[in-house]
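Since the structure comes first, as structure tokens, the remarks are kept for the end.
The values are calculated or read from the model by the stated rules, or taken from the named source; none is laboratory data. Because the structure is predicted, anything quoted here is derived from the model rather than measured. Here the Cβ positions follow ideal geometry from the backbone for every residue, glycine too, while neighbour counts run over all protein chains shown. When the accessible area is computed, the model is the full protein with side chains, heavy atoms only, and any ligands, DNA or RNA have been set aside. Shrake-Rupley method; radii C 1.70, N 1.55, O 1.52, S 1.80 Å.
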Amino acid sequence: QFRLAEGGEPVYENDVLVVIDSTAIVIECKAHLVDPPARRGGELRLVDTFEDLVVSASQQARRFAEFLRANPRRHAFETRSGRINNVNASRLLRFIPISVTYENLGFVSANLKELVDAGLIESGQSLVQSVCLTDLEVVLETLDSQVERIHYLARRAEIERTMGYRGDELDLFALYIDTGFCLGELEGAGHFLDLGLKSKELDPYFVGRANGVSVPKPKLRLTDWWRQVLARVEEVRNECWTEVAYVFLSVAYEDQQKFEKQFKD
């Protein structure tokens, strides 16, 4: 629980805060489901649903992220259970607000601009990425390191703002596994990507594992040398190591190969 100003009202709440080095992941959880009238296409019910699952959650997550950004100091947050959560925000540089839902909203959730274009959400809303809990579990389980997870969540939010595409969360994740979201001119230049069913590339691993069949886990496409450098960064953990790793992960696979060749030369 927190107040925007000392002694001020009202008291706001945040569900989950994860601090890793200089990165803060702010998560707002929504347990409401899409009710039957909304599923049948009732426009007003759809509007109410998205207002709760998307708009309200975005406002709550962003409010706390902005509070931490504006108050870079040590905080003692009270909880409903009576425990105190001590958080040092003085070294935070990167803030990633996320809305997590139990309901899988499919293509709509993965591209909130479509809700605005459809008139189901008012334009001008400052929205954060919305992801279904099960999809988030897939992401966290598949990626091998903390820095890869941070990079995905941060770039995922940027991609939604800067690129036109069609696809759901796992379609985007399959694209990330291939490219690390190093998309060059495809991002922010009026291009449109149809990613529908790209998530099928991930199916052999998860279906095989469920059936007791050994299938190699999908891995982010990195050169062996690049992967070793990132592992060393995460092992040593110098100051702002997550930011250093973020820079390395933002280098395209082909550029990793060129850099390694030039380094050896």
When you scan segment 61-118 for strands (runs of 3 or more DSSP E) that lie fully inside it, which ones turn up with 1 or more residues that are touching a residue at least 12 places away in the same chain (Cβ under 8 Å) and more than 19 Å from VAL19 (Cβ to Cβ)? 94-101
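For GLU51, state whether it is surrounded by 15 or more Cβ atoms within 10 Å (Cβ to Cβ), assigned to a helix (DSSP H, G or I) and modelled with pLDDT under 85.
Numbers: surrounded by 15 or more Cβ atoms within 10 Å (Cβ to Cβ): yes; assigned to a helix (DSSP H, G or I): yes; modelled with pLDDT under 85: yes.
Yes; evaluated as a whole, the condition is true for this residue.
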Evaluation of LEU153 against (1) open to solvent by less than 50 Å² (accessible area, probe 1.4 Å); (2) in contact with a strand residue (DSSP E or B) (Cβ under 6 Å, 6 or more places away or on another chain); (3) over 23 Å from LEU230 (Cβ atoms) (one fails), failing number: (3)
Tally of residues being open to solvent by less than 10 Å² (accessible area, probe 1.4 Å) and charged (D, E, K, R) across segment 170-183: 1
Mind checking which residues of segment 119-150 are farther than 15 Å from VAL55 by Cα, of a type in the set (D, E, K, R) and open to solvent by 20 Å² or more (accessible area, probe 1.4 Å)? GLU137, GLU141, ASP144, ARG149
Could you list, in sequence order, all residues of segment 198-244 that are under 20 Å from the mean Cα position of the chain (by Cα) and open to solvent by 100 Å² or more (accessible area, probe 1.4 Å)? LYS219, ARG221
Counted residues, segment 156-168 - those being assigned to a helix (DSSP H, G or I) and open to solvent by less than 10 Å² (accessible area, probe 1.4 Å): 2
In segment 222-244, the residues that are closer than 18 Å to ASP178 by Cα, touching a residue at least 12 places away in the same chain (Cβ under 8 Å) and assigned to a helix (DSSP H, G or I): TRP225, TRP226, LEU230
Can you work out which of the residues in segment 184-196 that are in a loop (DSSP other than H, G, I, E, B) and on the phi > 0 side of the Ramachandran plot is surrounded by the fewest Cβ atoms within 10 Å (Cβ to Cβ)? GLY190
